[in-house]
Amino acid sequence: MEALNWSIIYGLFSFVAASVSVAIAIYLAPHWKNISVRVLIFLMVAVAVWSLAYGMEFISPDLTLKLWWVKVEYFGAAWVGPLIFSFILVIAGGKWQLNKTGYVLLSFVPLLVIILVLTNNDHHLMWSHAWLDLSGRAPAMAYSREIGFWGYTAVSYILILVGTIVLIHSLISARGIFRKQLVVVLVGIMFPWFSNVLYLFGFEELKTLDLTPVSFTISGIAFSWGLLRYQMLDLIPLAHKAVLDSMGDPIIALDMNDRILEINRAAQTLFKTSALVPAQNEVKEVFPLLYEQIVKFRQHHPIDVETSFAVETMLTYWNLRISPLLSRKEKQIGWLIILRDITDRDTAEKAVKESERIQRIILEASPNPIVYYNKTGEVTYLNPAFTKVFGWHLDELLGKRIDFVPEENFEETKKAIQKTYDKPSGNYNFITRRITKTGEILDVSINSTLSRTKDGSPGSMVVNFTDITKIKKTENELRNTKNFIRSIINSMPSILIGLNIDGVVTQWNAETQRLTGILADQAEGSLLKDIFPQLSGHIPNVRQTIEKRKVGKETKATLTIAGKMMLTDITIYPILSASFQGAVIRVDDISERVRIEEMMVQSEKMLSVGGLAAGMAHEINNPLAGILQNTQVIRNRLSRDLPANIKTAEECGIKLENLKAYMEKRNIFSMMELVTSSGHRAAQIVENMLSFSRKSNRRKSSHYLSDIMEATIELVKNDYRMKKRYDFRSIEIVKEYLENIPAVSCEKSEIQQVFLNILKNGAEAMVDAGISSPKFIIRYFRQQDQVVFEIEDNGLGMDQETKKRIFEPFFTTKDVGVGTGLGLSVSYFIITENHKGVLTVESIPGKRTIFVIKLPIKQIKNTL
């Protein structure tokens with residue numbers, strides 16, 4: 001019976017402690033927005049849960065039920081240590097505040113403890129054994145506590161110890177009602193702390209009785225007394241009410257430790273700050289200049305003083321009112337600060353006068369001409385710079401209009417004035433020209449500013465002139481120089497690319513743009529390796545080239561640009577100056593030059609072969625003459641009845657008639673005729689060759705073009721080089737010659753060379769095209785005062801690009817070593833320049849090509 005009574009008594013004490021904690025939480029609920037109130041509410045709820053469960057533990061009849069309520073106790077007890085720590089930091093304020101991350105980390109410990117308690121049967125980290133201890137006045141739980149419990153206890157003690165130190169530190173520096181508040185908090189926290197120490201480490205009689213929840217009854221009473229006695233939560237409502245009563249001026253409410261309790265919107269705007277958390281920031285940290293004034297003037301009664309301090313960079317005059325902030329019981333709980341701007345009209349006028357004085361100094365010292373106009377456009381002021389630049393003095397123009405706008409600039413000036421009037425800001429800039437007193441025309445930049453009256457109507461105008469004549473001249477010169485240099489660069493047939501030291505393109509000329517298809521705007525500012533990779537692989541590191549200060553060059557480098565392969569010379573020129581380091585890359589297409597060089601070599605070979613052939617022709621003439629002469633002598637001695645022939649035959653015992661009959665029957669005379677004919681033909685071939693290869697003295701004579709063509713055809717039939725590829729005799733030649741075509745004055749060998757070049761070119765084209773029945777159609781006719789030769793072949797013709805370039809020197813569609821590209825260009829020169837004729841080509845691709853030669857009939861004087 002006695003044990004039961006003590007269990008009930010202990011339980012009732014715990015229930016009372018829980019009730020007090022709940023009552024405090026309910027009392028605090030209306031002030032939920034205050035962070036300190038929120039933490040204190042959580043703390044009271046945790047204490048209430050712990051106390052209620054501890055009371056139920058005492059009145060529970062058996063071990064199982066008691067152990068169940070022990071686990072419920074931890075849902076409150078686990079949170080008490082972290083919440084006491086948080087409440088102390090909030091009350092202490094200032095630098096001791098926790099952020100959201102701090103609260104989250106602090107929550108890990110109680111959550112872990114609750115999990116360990118609920119799962120203790122699985123791991124026994126909190127207690128390994130629990131039993132009922134009947135040795136005391138009432139049955140109580142006893143435990144064999146393990147590392148989890150002691151770890152949780154150590155963390156809780158550390159948090160309470162650190163919080164207590166912070167509380168004592170704040171208590172030492174606090175004063176007034178805030179000091180008393182902290183004393184109440186310290187007492188309320190210390191009772192449960194010592195009760196728990198006595199339970200864990202105290203007297204033998206208390207080893208089974210935890211007085212900590214019961215001691216929270218004392219804490220609840222202490223907090224309640226503090227709330228009623230020292231208005232711990234009434235400070236903010238009072239300050240807020242005072243702020244609401246005076247919203248017109250900047251208002252700041254302070255507690256007794258000069259921490260900001262409230263600040264109204266006007267004060268926030270004045271000091272450029274946002275809303276502050278009450279009782280967290282000291283005024284000396286947030287508004288140091290205002291704090292100096294408060295400390296200097298405040299007394300224990302309301303006081304008004306006039307003072308000044310700078311807000312941002314402007315010095316402002318204020319009426320500063322400092323009033324003690326009283327509680328409902330007329331006790332001072334802080335200070336109420338009210339500011340009123342008293343910068344009066346006199347001060348403003350002084351500032352205006354000072355501003356005018358400074359403005360006049362600036363105007364007089366300004367190097368730019370400045371003119372003030374009234375609203376009718378008459379001069380009211382002009383500065384010395386205007387006189388220096390334009391020549392007029394103030395006394396000449398005062399009250400007058402200035403007539404210095406050139407006629408051609410009058411309209412733009414009128415529009416600029418209108419825009420100045422139209423713009424709300426009344427400010428407009430433009431560039432124009434003005435005439436000086438001496439008649440000189442200046443380029444000027446004008447800034448016009450219009451002042452407006454209070455009703456918004458236009459007032460006076462200030463015009464600021466800047467003489468930019470020299471600047472414009474320099475700009476034009478620079479622009480012209482830049483354009484000239486750019487034109488030079490763009491007119492060059494070479495690729496020119498400028499790079500900085502990092503390989504970024506700074507210049508991209510027109511030839512580069514044409515070949516690559518990349519516009520300069522796209523290329524400039526990009527890395528060379530990104531936009532022209534085929535070139536970047538052929539040049540060394542630009543930085544190394546610049547550092548070595550030597551021109552780098554690569555000859556006959558192969559580049560493929562836009563699908564076309566070409567031989568190039570690549571040269572890198574380093575650029576070194578104080579403001580820029582880079583390089584210029586020049587790429588020259590030498591494909592044509594290399595091809596011409598190879599053709600020149602081939603032409604030299606052909607010239608040597610031609611000289612050799614001419615020499616051989618001379619040597620052949622001698623034996624050929626002997627053959628023809630001796631053949632004629634033999635014929636004479638065998639066929640003619642000469643006395644010497646008859647005498648010699650008789651001496652040999654034969655008759656000359658019988659010998660002649662034998663020769664005729666054996667066709668010996670026919671054979672001898674054939675030898676003679678062949679000899680004459682060979683002689684004619686040699687003569688044609690010598691005539692063609694003989695250096696001409698440019699002496700013109702009268703010739704029939706048909707005769708020259710026939711000789712040329714005979715010559716080309718015996719071209720050995722042509723016979724190796726094809727037999728010219730197999731080509732059908734259709735001659736359409738009209739009769740009675742007059743002779744023309746020409747140099748035979750040159751015309752023969754023209755015919756030869758055209759025939760050879762046509763024959764080779766037909767063979768290369770695989771024409772099965774090659775054919776030439778040669779037309780010879782007269783056209784007015786000209787003799788016309790048309791040489792048509794039935795080859796595949798030529799495309800427009802080939803036709804366009806067919807007479808260019810060294811242009812050829814054949815491989816190197818096969819053609820030199822000079823035949824038709826030489827022919828064109830012979831006809832047009834030497835003979836003042838016409839040489840054209842007509843072609844139908846896939847069908848035929850016609851070369852047309854026209855020579856004048858009129859006689860031309862011989863020219864040496």
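The values are calculated or read from the model by the stated rules, or taken from the named source; none is laboratory data. The structure displayed is predicted, hence computed values, not measured ones. We place every Cβ from the backbone using ideal geometry, glycine too, and count neighbours over all the protein chains shown. Accessible surface is based on the protein model in full, side chains and every heavy atom, while ligands, DNA and RNA are left aside. Shrake-Rupley method; radii C 1.70, N 1.55, O 1.52, S 1.80 Å.
The figures follow:
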{"quantity": "So Arg340, is it closer than 30 Å to Ile263 by Cβ, open to solvent by 100 Å² or more (accessible area, probe 1.4 Å) and basic (Lys, Arg)", "calculated": "yes"}
{"quantity": "Residue among Ala661, Ala583, Ala625 that alone is at pLDDT below 80 and either surrounded by 14 or more Cβ atoms within 10 Å (Cβ to Cβ) or not basic (Lys, Arg) (or both)", "calculated": "Ala625"}
{"quantity": "Subset of the range 57-75 that is among the aliphatic types (A, V, I, L, M) and either open to solvent by 50 Å² or more (accessible area, probe 1.4 Å) or out of contact with any helix residue (DSSP H, G or I) (no Cβ under 8 Å at 6 or more places or on another chain) (or both) - its residue that is farthest from Ser19 (Cα to Cα)", "calculated": "Leu63"}
{"quantity": "All positions within the range 504-531 that are of a type in the set (A, V, I, L, M) and open to solvent by 70 Å² or more (accessible area, probe 1.4 Å)", "calculated": "Leu519"}
{"quantity": "Failed item in (1) touching a His at 6+ places or on another chain (Cβ under 7 Å); (2) within 13 Å of Ala583 (Cα to Cα), with Lys553 passing the rest", "calculated": "(1)"}
{"quantity": "Test: residue in the range 502-509 that is under 24 Å from Val379 (Cβ atoms), assigned to a strand (DSSP E or B) and among the β-branched types (Val, Ile, Thr)", "calculated": "no"}
{"quantity": "Residue within the range 357-374 that is surrounded by fewer than 16 Cβ atoms within 10 Å (Cβ to Cβ), over 22 Å from Gly459 (Cα atoms) and of a type in the set (S, T, N, Q) present", "calculated": "yes"}
{"quantity": "Out of Val754, Val716, Val686, sole residue that is open to solvent by less than 40 Å² (accessible area, probe 1.4 Å), modelled with pLDDT under 90, over 60 Å from the mean Cα position of the chain (by Cα) and closer than 22 Å to Leu855 by Cα", "calculated": "Val754"}
{"quantity": "The range 22-60, residues that are part of a helix (DSSP H, G or I), modelled with pLDDT of 80 or more and not hydrophobic (A, V, I, L, M, F, W, C)", "calculated": "Arg38, Ser51, Tyr54, Gly55, Glu57"}
{"quantity": "Filtered residues of the range 449-470 (kept if touching a residue at least 12 places away in the same chain (Cβ under 8 Å) and open to solvent by 60 Å² or more (accessible area, probe 1.4 Å))", "calculated": "Arg452, Asp467"}
{"quantity": "Selection count, the range 296-314, where residues are on the phi < 0 side of the Ramachandran plot and exposed (fewer than 12 other Cβ atoms within 10 Å of the Cβ)", "calculated": "8"}
{"quantity": "Evaluation of Asn383 against (1) closer than 18 Å to Ser451 by Cα; (2) open to solvent by less than 50 Å² (accessible area, probe 1.4 Å) (one fails), failing number", "calculated": "(1)"}
{"quantity": "In the range 43-75, the residues that are within 27 Å of Val185 (Cα to Cα) and in contact with a Phe, Trp or Tyr (Cβ under 7 Å, 6 or more places away or on another chain)", "calculated": "Leu43, Ala46, Val47, Val49, Ser51, Leu52, Ala53, Gly55, Glu73"}
{"quantity": "Single unsatisfied condition, Tyr317 versus (1) crowded, with 16+ Cβ neighbours inside 10 Å; (2) at pLDDT below 80", "calculated": "(1)"}
{"quantity": "Out of Gly399, Gly377, sole residue that is exposed (fewer than 12 other Cβ atoms within 10 Å of the Cβ), within 26 Å of Pro458 (Cα to Cα) and in contact with a Lys or Arg (Cβ under 7 Å, 6 or more places away or on another chain)", "calculated": "Gly377"}
{"quantity": "The listed residue being open to solvent by less than 70 Å² (accessible area, probe 1.4 Å), modelled with pLDDT of 85 or more and charged (D, E, K, R), out of Glu747, Glu732, Glu764, Glu739", "calculated": "Glu747"}
{"quantity": "Neighbours by Cβ (under 7 Å, 6+ apart or cross-chain): first from the range 395-413, within 20 Å of Tyr372 (Cα to Cα); second aromatic (Phe, Trp, Tyr) and not in a loop (DSSP other than H, G, I, E, B)", "calculated": "Phe404/Phe390"}
{"quantity": "Residues (in contact with an Asp or Glu (Cβ under 8 Å, 6 or more places away or on another chain) and under 17 Å from Phe390 (Cα atoms)) located in the range 410-456", "calculated": "Ile431, Thr432, Arg433, Leu442, Asp443, Val444"}
{"quantity": "Residue check for Gln534: open to solvent by 40 Å² or more (accessible area, probe 1.4 Å), touching a helix residue (DSSP H, G or I) at 6+ places or on another chain (Cβ under 7 Å) and either over 17 Å from Arg486 (Cβ atoms) or modelled with pLDDT of 80 or more (or both)", "calculated": "no"}
{"quantity": "The range 107-122 residues that are within 16 Å of Val70 (Cα to Cα), paired with ones that are basic (Lys, Arg) and open to solvent by less than 80 Å² (accessible area, probe 1.4 Å) (beta carbon under 7 Å, 6 or more apart)", "calculated": "Val117/Lys71; Leu118/Lys71"}
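Residues are listed down the side, and each one gets a yes or a no for (1) modelled with pLDDT under 80; (2) surrounded by 14 or more Cβ atoms within 10 Å (Cβ to Cβ); (3) in a strand (DSSP E or B):
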{"position": "Met565", "(1), (2), (3)": "no, no, yes"}
{"position": "Tyr573", "(1), (2), (3)": "no, yes, yes"}
{"position": "Asp588", "(1), (2), (3)": "no, yes, yes"}
{"position": "Ile596", "(1), (2), (3)": "yes, yes, no"}
{"position": "Met600", "(1), (2), (3)": "yes, no, no"}
{"position": "Ser603", "(1), (2), (3)": "yes, yes, no"}
